[in-house]
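Engineer: Shown below is the structure under consideration.
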Amino acid sequence: MNSKIGIIGGTGLYDLEGFTDQQWLKVSSNFGNPSDRLLFGKLNDHEIVFLPRHARGHTISPSDINYRANIEALKNSGVDRIISFSAVGSLNINIKPGSFVIVDQYIDRTYLRQNSFFEKGFVAHVSMAEPTCKIMNKVIYDSAKQLNIKVHDSGTYVVIEGPQFSTKAESNYFRKMGADIIGMTNMPEAKLAREAEIPYSTIALVTDYDCWHDDHENVSTNSILDTLSKNTDNAKKLISKIIPIISNLKAPFSCGSHNSLEHAVATSKEYRDEKEMKKISNIAGRIIDKKGWNNQ
């Protein structure tokens, strides 16, 4: 199976040198409409699919993003590995604005979002012990270092509901919890990618020190967008470098993401709901049909 890389992020990332055969296409999902049409194309003959998380023009709030439809739309497009870009604030004095963080852990503080494909009639419990793909993370980190981008090889990302930024008390609380960065978009995105058996990595773009740091201005949308704009060139350079390497990684990965449903299903065959089975057929078809990876 030829690999196809899904990239979730902002509109500024699409302007890549050598990005050809571009087409915005509507992709259906059993879970409603994704954030936007998906942008298909090739970068040096490697297939990629861009998804604007907040839609073009940033019209969808973090709480209103249909994360399930986004992930299923990517899977329906043939994507078998995802790279996510996310703007975040820093909760760690050593992680400075303008730097990148390769996320390896999450603390999920969201509460308004549909966070699983599996509902009544078909229950599955996937492991989230290692929520991002170590294989892709290493490629991304090594590539960023080669490009002289300020990058951290690990970090814990606390995901808040938003759309408001955190209070100073909350910001300091999250620091005590052990979080390194704070944002609003990677949950349940990472959980759903895991359920869909798609390896997932996040490149967090640090825009500010949140509001805990007394020597810096309180976080504002304008300051975030200004720093994010400066980071975009580095992000595009990084995409161009990592796409050929990650595209050539042979599946299934040793991180286990491609087979995360193998021992996760809890509902016995005789009790599985047929309507629910049909709804999740695109997500869990491999395990429902008892197909091995090589038979996809």
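The values are calculated or read from the model by the stated rules, or taken from the named source; none is laboratory data. On a predicted model such as this, the values are computed, not experimentally measured, just so you know. Cβ atoms come from the backbone with ideal geometry, glycine included; neighbour counts cover every protein chain shown. Ligands, DNA and RNA are stripped out before the accessible areas are found, and what is left, the full protein with its side chains, is counted by its heavy atoms. Shrake-Rupley method; radii C 1.70, N 1.55, O 1.52, S 1.80 Å.
Engineer: From ILE149, ILE160, ILE140, ILE198, grab the single residue that is under 30 Å from GLU276 (Cα atoms), aliphatic (A, V, I, L, M) and in contact with a helix residue (DSSP H, G or I) (Cβ under 7 Å, 6 or more places away or on another chain).
Structural biologist: Result: ILE198 is the single residue among ILE149, ILE160, ILE140, ILE198 that is under 30 Å from GLU276 (Cα atoms), aliphatic (A, V, I, L, M) and in contact with a helix residue (DSSP H, G or I) (Cβ under 7 Å, 6 or more places away or on another chain).
Engineer: Enumerate the pairs (first residue in the stretch 5-33 and of a type in the set (A, V, I, L, M); second residue anywhere and open to solvent by less than 20 Å² (accessible area, probe 1.4 Å) and part of a loop (DSSP other than H, G, I, E, B)) with beta-carbon separation below 6 Å, excluding pairs fewer than 6 apart on the same chain, so at least 6 apart or on different chains.
Structural biologist: ILE8/ARG53; VAL27/SER77
Engineer: Continuing with this model, one more query. Within the stretch 247-293, which residues are open to solvent by less than 30 Å² (accessible area, probe 1.4 Å) and touching a Lys or Arg at 6+ places or on another chain (Cβ under 6 Å)?
Structural biologist: The one that is open to solvent by less than 30 Å² (accessible area, probe 1.4 Å) and touching a Lys or Arg at 6+ places or on another chain (Cβ under 6 Å): SER260.
Engineer: From ILE82, ILE93, ILE60, grab the single residue that is open to solvent by less than 10 Å² (accessible area, probe 1.4 Å) and of a type in the set (A, V, I, L, M). Break it down into steps so the answer makes sense when it comes.
Structural biologist: Numbers: ILE93 fails: open to solvent by less than 10 Å² (accessible area, probe 1.4 Å); ILE60 fails: open to solvent by less than 10 Å² (accessible area, probe 1.4 Å).
Exactly one of ILE82, ILE93, ILE60 is open to solvent by less than 10 Å² (accessible area, probe 1.4 Å) and of a type in the set (A, V, I, L, M), namely ILE82.
Engineer: Now for a different question. For the stretch 180-209, enumerate the residues that are over 17 Å from ASN76 (Cα atoms) and either aromatic (Phe, Trp, Tyr) or assigned to a loop (DSSP other than H, G, I, E, B) (or both).
Structural biologist: Listed by number, the residues that qualify are ASP180, MET184, THR185, ASN186, MET187, PRO188, TYR209.
Engineer: Still on this structure, please answer the following. So which pairs qualify, if the first residue must be in the stretch 126-146 and touching a residue at least 24 places away in the same chain (Cβ under 8 Å), the second must be charged (D, E, K, R) and not in a helix (DSSP H, G or I), the Cβ gap must be under 7 Å, and the two must be at least 6 apart or on different chains?
Structural biologist: Matching pairs, first to second residue: THR132/ASP104; MET136/ARG81; ASN137/ASP104; TYR141/ASP153.
Engineer: Next question. Please report, ordered by residue number, the strands (runs of 3 or more DSSP E) entirely within the stretch 34-105 with at least 1 residues that are in contact (Cβ under 8 Å) with a residue 40 or more places away in the chain and basic (Lys, Arg). Spell out how you get there, then give the answer.
Structural biologist: Working: elements: 38-43, 46-52, 81-90, 100-102.
Answer list for the stretch 34-105: 81-90.
Engineer: Specify the residue that is nearest to LYS96 (Cα to Cα); the eligible residues are those in the stretch 108-157 that are polar (S, T, N, Q), outside any helix (DSSP H, G or I) and open to solvent by 70 Å² or more (accessible area, probe 1.4 Å).
Structural biologist: Filtering first and then ranking leaves ASN148.
Engineer: Any residue that is modelled with pLDDT under 95 and over 28 Å from SER171 (Cα atoms) - is there at least one of those in the stretch 57-71? Steps first, please.
Structural biologist: First, the residues of the stretch 57-71 that are modelled with pLDDT under 95: 57-58.
From what's left, over 28 Å from SER171 (Cα atoms): 57.
Yes.
Engineer: Filter the stretch 227-240 for residues that are open to solvent by less than 70 Å² (accessible area, probe 1.4 Å) and of a type outside the set (Val, Ile, Thr) and give the result.
Structural biologist: Those that are open to solvent by less than 70 Å² (accessible area, probe 1.4 Å) and of a type outside the set (Val, Ile, Thr): LEU228, ASN231, ASN234, ALA235, LYS236, LEU238, SER240.
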